[in-house]
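Below is one structure, written out as structure tokens; comments come after it.
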Amino acid sequence: MTHISLQGVTKYFEGGDIVANDSIDLEVEDGEFLVLLGPSGCGKTTALRLVAGLEHPSEGDIHFDDERVTDHSPSDRNVAMVFQNYALYPHMTVRENIEYPLKIRDVPPEERDERIEETTELLHIEDLLDKKPAELSGGQRQRTSLARAIVRKPAVFLLDEPLSNLDAKLRMEMRTELKRLQDELDVTTIYVTHNQEEAMSMGDRIAVMNQGTVRQVAEPEELYNRPRTTWVAQFIGSPPMNLIGGTKRNGTVELAEGTSVPVDASSDSGSDTDSAPVSLGVRPEDFSVHGDSTDADRAITGTVETVEPLGEFTIVNVDVDGTSVKAKVPTTGVERGDRVHLTFENHDAYLYDERGELLP
Amino acid sequence: MSIQETLDANVDADVDWEKARAILVFLLPGLTLFGVFSVGPMAYSVVGSFFAWDAFEMGAFVGLQNWSETLTDPLIINWDNLLAFTFPMGALPQNLLWMVLHVPLSTVLGLVLALLFADLRGKRILRSLVFLGFTTPTVVIGLVLLFVYDPQAGVFNELLRVVGMEGQVRNWLQEPQIAIYCLVAGGVWVQTGFSMLLYSSALAGIDPSLLESARIDGAGPFRRFKDIIWPLVKPVTAVVVIMGMIWVLRIFAIVYAAGGPSGGPNHVYSVLGLEVFRAAFSIPVEYGKAMVVALIELMFALPLAAYIARMD
Ligand SMILES: Nc1ncnc2c1ncn2[C@@H]1O[C@H](COP(=O)(O)OP(=O)(O)OP(=O)(O)O)[C@@H](O)[C@H]1O
Ligand SMILES: [Mg+2]
């Protein structure tokens, strides 16, 4: 079992023109399922390859437990990786593919057979052993690739968007299966994805990445409930959090057109008299939409632009002084052009300062 | 579908004559050319090899006489020298010896260079340099070899002098027992460019994540080559080997340029192509013999070509 630690890891490409990873600090606990989540091109794969040893960091260090592995070759790190494209050896059968890492490590043949049997049963691919990768479906390839990783009993699993090529149904199934597997094997795992639903449902913790850096590392719940920056707030959730510009003064936030919303000003009452530009963040699902006037403390008034019924819920787009605000409600009677009030609870409101940092 | 049904479907299928005619029309130009320039000459040689020839005029039917005369001609096979392994052994054994040396050498060298250049920065330039040998006309290669091995001005002898082996300096292409190997070296240089290029593109076609995956699985460079790279470039090896064999079978210009129509002193590096040329175009003209030698060449080359053509 392995604890992984990245300290100030930076990776340049093309002589420094491209900064793929920018001083990443990250701790992955023993047996943890950590998800690297971020938009395309943010450096997730690069981070994973650095941990695998396929790339050498330009700066910084990587430790497995107390051992510095920065200069170790991939084979010395005892990691197993599932590549985004599975990287199955096309000229070998499923059995030979799974057997290969064992063969390389001189595991005796009887034990190999045993472990292959065990693993293939676990992944339900025991009927495919004599097929070549080209004869497999995407899901079967992926499971073969997983089997090749698992059979080694490695110290660390590195999974690079392993579910991205699957259809929705298979993806759901594999998500559960993978999570169960990881629980069962209890191997430290880093899982890369740009699908936040996947991240939320699978990760013990999620590291949100953007432009080569880790923006926030937190448990899924906390990431949703306390996004530390506006960027993270807007990245997590669907549709993303609404951000409405305003000014904070005397314990209230004054939005444009005279609307003001009281906020808890307990923490920084000392600077009450100062005004500061802030963004008020409210998640669409935390809004209630009222057609009539309401006596709630916290209400924003606007005009309905569009109503999108999506079956399970309805998205109401409201124009508030030129800012489009989304509300996600179970049902609604409002229509385009209606004047509506959006109300929310105090604990559902987030305030971010000018730099986009969450105010306490 | 049952066997019976399949049969019925095929036998009873209406032939679309309209379509068949269209296909034929489109095939006609190609087939005509193929007939005139490939099948025709072959058939002509096969028939002609059983007749007596007066220069280029066909005479009486002589049965296997051309064949037996050719196969007992010491210029084609010199049995005594062959058994003693001293040159000249005749064009056929010499040609085959050339093939046995040339093909493995140029194949392995091409693969090694392709592997070496794969991860190198200046690989484009290096590849072009090596491939230049293949693009150079073979006559020029022969002349270059003549120059390289020249006793006075030759680069090779100069090299020997530089490393202090003056005793070895000689006119390499005039040494009966060594000359053919010197020429083979030149041929290998040519063919290496070709095999390197094929291997390079085969290597470029290997998904790099396969090799990375093998590294993570714990495979060192040798295992990665043996288990991943080699199996994946094997189809290319078949092409390289067979093209090399055919190339050697048809070799002519290098030998002619380096050793003239006799193929070196006392024919020590004469090859089949050269014998065809001499039989057909030097006095006395032995057209029947030329046909026989050409047919022998063809007998080696045809199955090889067929193998390549049937590969998928
Ligand atoms: N070998 C390389 N040479 C040059 N630039 C590279 C290399 N590898 C990655 N990059 C660059 O580094 C940045 C991060 O790439 P990376 O593959 O890590 O992104 P990612 O988060 O995995 O994206 P995706 O979700 O699309 O897979 C990109 O801008 C990419 O162009
Ligand atoms: Mg990626």
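The values are calculated or read from the model by the stated rules, or taken from the named source; none is laboratory data. Everything numeric in this text was worked out from a predicted model, so none of it was measured. FYI the Cβ positions are ideal-geometry reconstructions off the backbone, even for glycines, and counts take in every protein chain you see. Accessible surface areas use protein heavy atoms only, side chains included; no ligands, DNA or RNA. Shrake-Rupley method; radii C 1.70, N 1.55, O 1.52, S 1.80 Å.
Some observations on this one:
- Solution diffusion estimate, µm²/s, Stokes-Einstein, segment A:242-352, Kirkwood Rh from C-alpha pairs, 25 °C, viscosity 0.890 mPa s: 171
- Residue-averaged 222 nm ellipticity for chain A, from DSSP H runs of 4+ at -39500 (n - 2.57), nearest 500: -7000 deg cm²/dmol
- Across B:Leu295, B:Leu211, B:Leu129, the residue with the most accessible area heads the list, and the full order at a 1.4 Å probe is B:Leu129, B:Leu211, B:Leu295.
- Once backbone amide H atoms are built at 1.01 Å from N, A:Val253 has A:Val261, A:Val263 as its partners under 5 Å, excluding neighbours fewer than 5 places away on the same chain.
- For segment B:64-164, the C-alpha radius of gyration sits at 1.53 times the compact-globule guess of 2.2 N^0.38 Å, with N the residue count.
- On the principal axes of its alpha carbon atoms, segment B:158-256 extends 54, 36, 18 Å, with the longest extent given first.
- Here the contact order of segment B:182-312, divided by its residue count and restricted to Cα pairs under 8 Å and six or more residues apart, works out to 19 percent.
- Cross-link partners for B:Lys234 among the aspartates and glutamates, with Cα-Cα distance under 17 Å and sequence neighbours closer than 8 places in the same chain left out: B:Asp207, B:Asp312.
- Nearby aspartates and glutamates by direct alpha-carbon distance to B:Lys289 (threshold 15 angstrom, same-chain neighbours under 8 apart not counted): B:Asp54, B:Glu57, B:Glu69, B:Asp73, B:Glu275, B:Glu297
- Protein-protein interface of segment B:217-245, residues with accessible area decrease of at least 10 Å², isolated chain reference, 1.4 Å probe: B:Asp217, B:Gly218, B:Ala219, B:Arg223, B:Asp227, B:Ile228, B:Pro231, B:Leu232
- Value of D in µm² per second that Stokes-Einstein yields for the protein assembly as shown, Kirkwood Rh from Cα pairs, at 25 °C (0.890 mPa s): 75
- The convex hull built on the alpha-carbon positions of segment B:27-88 has an orientation-averaged projected area of 6.6 nm².
- Relative contact order, whole percent, for segment A:226-360 stands at 28, derived from Cα pairs under 8 Å and 6 or more residues apart.
- Using every pair of distinct Cα positions in segment A:4-235, the Kirkwood expression returns a hydrodynamic radius of 18.2 angstrom.
- With a 1.4 angstrom probe, the accessible area lost at the B-A interface totals about 1700 Å².
- Over chain B, Cα pairs under 8 Å with separation of 6+ residues give a relative contact order of 24 percent.
- Cubic angstrom per residue, convex hull over Cα atoms of segment A:1-92: 127
- Shielding score for A:89-98, defined as the mean number of other chain Cβ atoms within 10 Å: 3
- Taking chymotrypsin sites (Phe, Trp or Tyr not before Pro) across segment B:12-104, the ones in a DSSP loop with at most 15 further Cβ atoms lying within 10 angstrom of their Cβ are B:Phe56, B:Phe85.
- Tensor-based shape of segment B:112-182 (alpha-carbon gyration tensor, a/c under 1.5 rounded, otherwise prolate or oblate): prolate
- With R₀ set to 25 Å, the beta-carbon distance separating A:Thr252 from A:Gln211 gives a calculated FRET efficiency near 0.15.
- Its alpha carbons give segment B:243-299 an Rg and a Dmax of 11.1, 34 Å.
- Segment A:203-222-segment B:162-225 distance, computed between alpha-carbon centres (Å): 51
- Seen against the Cα atoms of chain A and their longest principal axis, helix A:94-104 is set at about 70 degrees.
- Chain B: C-alpha gyration tensor shape, a/c 1.5 cut-off, then a/b vs b/c: oblate
- Considering helices alone, the calculated mean residue ellipticity of chain B at 222 nm is -21500 deg cm²/dmol, with DSSP H runs of length four and up weighted by -39500 (n - 2.57) and normalised per residue.
- Each label was represented as a point 7 Å from its Cα along the Cα-to-Cβ direction; for B:Glu158 and A:Glu345 these points are 9.1 nm apart.
- Structure remark: mean-square fluctuation, Gaussian network model of chain B, C-alpha springs under 10 Å; the largest value among B:Ala55, B:Ala91, B:Ala214 belongs to B:Ala214.
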